[in-house]
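The block underneath contains the structure these notes are about, expressed in structure tokens.
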Amino acid sequence: MRELSANTKHTMCQRVLTGILMFLIGVPCVILGGWYYFVIVALLALVAIHEFISAPNRGRFNIFVYVIVYVATLSFIYWHFFKDQTVFNSIFDKNLFIVEDLRISTTGIAVYFVLLFSTTLISKRFTVADATFLFTMGIYVGLAFLCFYYLRYIPNLPAYYQEERFSSSLLMFYVIIGTTINDVGAYFVGVLFGKHKMAPRISPKKTWEGVFGGIIFSIIFSVLFAYFCELSGHPLLPGTIDFKSYHFVWIIVISIIIPVAADMGDLFFSAIKRSFAIKDFGRIFPGHGGVLDRLDSLSFVSIIVAIIVYFVTNGWVLI
């Protein structure tokens, strides 16, 4: 076991304190759902959009680029709440949020593409590389935050819990716990026992020992969480993702996929930061960086898990 430096101890304490604060704010919002969760996710989305625009920006982009990216990305997230009258009425008549569709507008994507790449023709400071990055990140962030809503609100459907309550938050907690335990386990195992670098070019501090430690801890905690939810009479998604019949297979599969996807998300965003020579996307979370730094793993995991849940709940039929 390695001896920790004073700087490492300070960073660890800072990360822990910030983590506790995020826990105290985030957990009640996830449990309460409804407008509480809707608003906190919306605020995080706004910050996340600002962060990925700022990464390659360095004062080069005009206000038109900001408007395009903000409007397009937010439309990918929130169009679902307005396009379906049933969903719209459920929110304002019953205060019940429901998300059962992961599709984003192909028209919106096409318009976003045309506007971004047209801007490269009229602005010397806005390059094709900039347009490509913002186009990709706009779709990614839009889909990721839509998945945050999907995983929290799909249990509210009549086929599952039918209302906003603690039980309907368990699927989202399952994803958060699996991702967080992977990050925490990988960090501490890596700091204490890490010797073999995994991807020094992309993430110099990431070690194989940390990766495998995080994966093992994540799988154990995820399966145990799902199991205890079942024992308490509140499965993650009744009749679909639970321990009844063959359904438990999905819990095992998803529990394995979560830490692997988390590491992929971490490496993906680390590669972006290195390409732009920045340490963090932002500074909103001391010791953790910005929203994208904190949600890098969770965003990737949420997309993968949401896609699996979408297909499982729809009988593997793309509707």
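The values are calculated or read from the model by the stated rules, or taken from the named source; none is laboratory data. Since we're looking at a predicted model, the values are computed, not measured. Please note: Cβ atoms are built from the backbone with ideal geometry, for glycine as well, and neighbour counts cover all protein chains shown.
Data table
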quantity	calculated
Some residue of the stretch 206-219 being over 22 Å from the mean Cα position of the chain (by Cα), surrounded by fewer than 21 Cβ atoms within 10 Å (Cβ to Cβ) and at negative phi	yes
Hey, PHE135 touching a helix residue (DSSP H, G or I) at 6+ places or on another chain (Cβ under 9 Å), under 26 Å from TYR310 (Cβ atoms) and loosely packed, with under 14 Cβ neighbours inside 10 Å or not	no
Selection status of GLY233, part of a helix (DSSP H, G or I), of a type outside the set (S, T, N, Q) and without any contact (Cβ under 8 Å) to a residue 60 or more places away in the chain	no
Condition check for THR120: surrounded by 15 or more Cβ atoms within 10 Å (Cβ to Cβ), at pLDDT below 95, of a type in the set (Ser, Thr, Tyr) and in a helix (DSSP H, G or I)	yes
Extreme residue, nearest to the chain's Cα centre (by Cα), among residues of the stretch 94-117 that are in a loop (DSSP other than H, G, I, E, B) and among the hydrophobic types (A, V, I, L, M, F, W, C)	LEU102
LYS197 vs. criteria modelled with pLDDT under 75 and either among the hydroxyl-bearing types (Ser, Thr, Tyr) or over 21 Å from the mean Cα position of the chain (by Cα) (or both)	no
Members of the stretch 248-305 that are under 15 Å from ALA55 (Cα atoms) and assigned to a helix (DSSP H, G or I)	PHE268, PHE269, SER270, ALA271, ILE272, LYS273, ARG274, SER275, VAL291, LEU292, ASP293, ASP296
Count of residues meeting criterion [farther than 23 Å from SER302 by Cα, at pLDDT 95 or above and surrounded by 15 or more Cβ atoms within 10 Å (Cβ to Cβ)] in the stretch 67-116	6
Only one of LEU171, LEU143, LEU151, LEU192 that is closer than 27 Å to GLY214 by Cα, touching a residue at least 24 places away in the same chain (Cβ under 8 Å) and in contact with a strand residue (DSSP E or B) (Cβ under 7 Å, 6 or more places away or on another chain)	LEU171
Of the criteria (1) surrounded by fewer than 21 Cβ atoms within 10 Å (Cβ to Cβ); (2) under 20 Å from VAL30 (Cα atoms), which one LEU236 fails	(1)
Single residue of TYR161, TYR149, TYR174, TYR187 found to be more than 14 Å from the chain's Cα centre (by Cα) and within 25 Å of ILE256 (Cβ to Cβ)	TYR187
Count - residues of the stretch 275-319 that are at positive phi and among the small types (Gly, Ala, Ser)	4
Selection status of LEU237, under 25 Å from ALA159 (Cα atoms) and of a type in the set (A, V, I, L, M, F, W, C)	yes
Criterion (within 26 Å of PRO28 (Cβ to Cβ), modelled with pLDDT of 90 or more and either buried (at least 17 other Cβ atoms within 10 Å of the Cβ) or out of contact with any Asp or Glu (no Cβ under 7 Å at 6 or more places or on another chain) (or both)) met by exactly one of TYR140, TYR161, TYR187	TYR161
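Residue by residue, here is whether (1) under 27 Å from LEU102 (Cβ atoms); (2) without any contact (Cβ under 8 Å) to a residue 12 or more places away in the chain; (3) among the β-branched types (Val, Ile, Thr) holds:
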site	(1), (2), (3)
VAL260	yes, no, yes
LEU267	yes, no, no
LYS279	no, yes, no
GLY290	yes, no, no
ASP296	yes, no, no
SER299	yes, no, no
